[in-house]
Structures are given as C-alpha cells and as structure tokens.
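Novice: Got a structure for you, questions after.
The values are calculated or read from the model by the stated rules, or taken from the named source; none is laboratory data. What you are looking at is a predicted structure, and each value in this text was computed from that prediction instead of being measured. All Cβ positions, glycine included, derive from the backbone under ideal geometry; neighbour counts span all protein chains shown. The area values use the complete protein model at the heavy-atom level, side chains included, leaving out ligands, DNA and RNA. Shrake-Rupley method; radii C 1.70, N 1.55, O 1.52, S 1.80 Å.
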Amino acid sequence: MPDDIMQLSPTQMDALREIGNVGAGNSATALSQIINHRIDMNVPEVSIVPLGDVPDLVGGPEAMVVGVFLRVYGQAPGNILFLLPAESAFYLVDMLMGKKRGETQNLDYLDESALMEIGNILAGAYLNALFNLTKLSLLPSIPALAMDMAGAILNVVLIQLGQMGDHALVIETEFTTDEEGIKGHFFLVPDPGSLDTILTAVGV
Amino acid sequence: MADLIKVGMADYKVGRAPSTLISYGLGSCIGVSLYDPQAKVGGLLHIMLPDSTQSRASENPAKFADTGVPLMLKDVLALGASKSRLVAKMAGGAQMFAFAKATDIMRVGARNAEAVKEQLKSLGIKLIAEDTGENYGRTVQINLENGVYTVKTMVKGEKEI
C-alpha cells in the first residue's frame, strides 16, 4: 500500500475522487437546504501538490479568506478545511442572517458562530457520506474559524503533512451558488497514515 | 532596479542589495532573516516545523528550523557575509485557530519560534528583533539595502522590526 502518496495508482486516485464526489455532494445538498439556493459543485480535484503550491489553489497566499477548520478523529484521522473568499463569506452571512446583500462587511461573534455551524454541517454531511462508502467511523471536532491570509490559514492543515513528506494529497471541491456569487472550497486532507485505511476500506 | 525575490514555503533565498526578499502568508510558519549590514547581503528562510529529527521522509532541510538555519547561513557566508556581523530577525509563529484543548500541532508556531532561537544561539548569531505568536497571518520581507524587516498583516497593519 502506498505509504508514499507519490505512488498512488490511477485506480486509487479515481477512488479518492469518488469519495470526494459523494462527500461533497452530500455537503452541497446540506448547504443548499440551509440557504435555499441551488449549489453547483465541480468534480472534485484529487491532486498531489508540493506543499508550497497549495495556497495557489485558492488565489494565492495573500488572498483574504475565511477558513473553518475541523479536525477529523476516528479510524482515518485528517483535517477538513472549508475556505471562502472573504466576500463570499460576507454574502453567506447576509443570507443566513436575513440581511440585505452587501450589508455584512466584517464578521462579528454571531456571524462567526453561524459560519462555524455551516462548517460543522458540511463536515458532518461529508463524513456521513464517507462512512456510508467506507464504513470507517469518523468524527469531526468542534469547528474553529479564522479570517486571514489564505497561506496562513492553510499552514494549519499542511503542517502535519510537512512532518511526513513534501507533498500534500488534497481532495478539493469548489462550490458555487446559482446567483449570489458565493464560492467556497472544501478540502479534505487525510493524515498520511489514513490514506491506506481509506483505500483499503474501499477495496483498491 | 531593485529585485523582489519570492521565498516559498519550506524554502530559502539569499541575495544582496538592492534586492528585497519576501515570503507571503505565514501562519504558524516563521520567516527568519540573516543580514550583514556592511556587506549588504542576507537571506530569508521560511520554515514550517521545528525539528527535522521528529520527521519521517523529508528531503527538504529548508522546512525545519534545526536544518534550515545552518543551510541558509552557509549560503549567506558564501555570498561574502561575515559571521560576526550577521544579525537575525524573525516573524510568524502564529496560532491561527484557537481550540480549547491545544494539541502539539496547534502550538507548532510557538515551538517553531523556540527552535529558531535555539538554533541561532548555538550558531552564535544574535537575534535582534522578532514579531511572533498571536493569531494572525503575516507577510514578511527584508530589504537587503538597509536590513529593514517589514511585517504586513490583514488585521494589524504593517510594521518594521
């Protein structure tokens, strides 16, 4: 089994893409029900990227973003990060709080709490789908939120990987809403040891 | 024309005046600079982790405080710096997400800062300024013309150390 992510076979990459697809699909449905808008998602990208390049996936290391971070515990530990450009996070808060679009210009305590709850629901939906597929029991930690530079926020998920190697396996999905111009990225970053567990569970 | 040289995560660059070395979006990572004010040469290192001996399978010494600092030192000296004149500055080492129960991984910023200090001390290089900790990201740059180290943040503005 690939202790080294550089040695994943095309079939294994496909399996991971499918896991991302099912997980993100479930999350998108949950989000769509909360905000009452259609959510589109792209086919998840499964990429193995040099650690230093990961911030480029979300507009560069200095892009202003809101990140909701959850640690995944259980049989295949890892990290979940829901990243939104700051503008998108503000619109999402407008929708959640019943404010006029453009009203939110910064996040107060209540706004942060609402976004963390969204992160919680998305992660829960994602992990549920993952459970149905793999029968691996996975539990999210309570969410934490930060609004800052993308590079700084991504540091948190990359550090653990950095201890094992110089590349990150990232399962990433982009969400977009139909009309409100909300865009978000959902990252599942399995801990290096978890990859074997997940792949074994789906039989590839 | 002054160059702006970009330093990526787990990487380092060295250079001479009038270049400026810059590293974007540091969270728990740390940007360590070395500078010789007389020769006007220096370097900037962007480390992620404190200790290479705690790690498996990494071929990149610039990722760690304990291996990255000596590596950059060697290159800065090769550019004509004198070790006795070198001064160090550093910034970063934030804890981006506050959890009630901070694990070791969550506190990695603080451990990074400690490890850099230890390394500089053992190499006999004086740390003359630092801006570490807190919970926000930083973009850091060092101007090799004058050794000014600038820290830019989203939440606390910009400052020179």
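Novice: Limited to region B:115-128, what total is found for residues that are open to solvent by 20 Å² or more (accessible area, probe 1.4 Å) and out of contact with any Pro (no Cβ under 8 Å at 6 or more places or on another chain)?
Specialist: Residues meeting the conditions: 8.
Novice: Now a separate question. Starting from region A:1-28, take each residue that is over 19 Å from residue A:192 (Cα atoms) and list its partners that are at pLDDT 85 or above and of a type in the set (Val, Ile, Thr), counting only C-beta distances under 9 angstrom and pairs at least six apart or across chains.
Specialist: Every condition considered, the pairs that remain are A:27/A:121.
Novice: Pick out, from region A:57-158, the strands (runs of 3 or more DSSP E) lying fully within it that include 1 or more residues that are closer than 24 Å to residue B:110 by Cα and of a type in the set (D, E, K, R).
Specialist: A:64-74, A:144-149
Novice: Another one. Can you tell me which of (1) free of Cβ contacts under 8 Å to residues at least 24 places away in the same chain; (2) of a type in the set (D, E, K, R); (3) open to solvent by 10 Å² or more (accessible area, probe 1.4 Å) is the one residue A:111 doesn't meet?
Specialist: Residue A:111 satisfies every listed condition except (3).
Novice: Also, quick follow-up: Is one or more of the residues making up region B:65-81 within 13 Å of residue B:113 (Cα to Cα) and within 11 Å of chain A (Cβ to nearest Cβ)?
Specialist: no
Novice: A follow-up question, please. If you scan region B:1-49, which residues turn out to be more than 11 Å from the chain's Cα centre (by Cα), at the interface with chain A (Cβ under 10 Å from one of its Cβ atoms) and open to solvent by less than 40 Å² (accessible area, probe 1.4 Å)?
Specialist: B:8, B:25, B:27, B:28, B:49 - these are the residues of region B:1-49 that are more than 11 Å from the chain's Cα centre (by Cα), at the interface with chain A (Cβ under 10 Å from one of its Cβ atoms) and open to solvent by less than 40 Å² (accessible area, probe 1.4 Å).
Novice: Taking the condition open to solvent by 10 Å² or more (accessible area, probe 1.4 Å), at pLDDT 90 or above and among the aliphatic types (A, V, I, L, M), does residue B:79 pass?
Specialist: yes
Novice: Moving on. Tell me, please, whether a residue that is modelled with pLDDT of 95 or more, more than 17 Å from residue A:157 (Cβ to Cβ) and open to solvent by 10 Å² or more (accessible area, probe 1.4 Å) can be found in region B:90-101.
Specialist: Checked region B:90-101: no residue is modelled with pLDDT of 95 or more, more than 17 Å from residue A:157 (Cβ to Cβ) and open to solvent by 10 Å² or more (accessible area, probe 1.4 Å).
Novice: What about residue A:63, is it open to solvent by less than 20 Å² (accessible area, probe 1.4 Å), modelled with pLDDT of 80 or more and within 26 Å of residue A:148 (Cα to Cα)?
Specialist: Here the answer is no, as residue A:63 does not meet what is asked.
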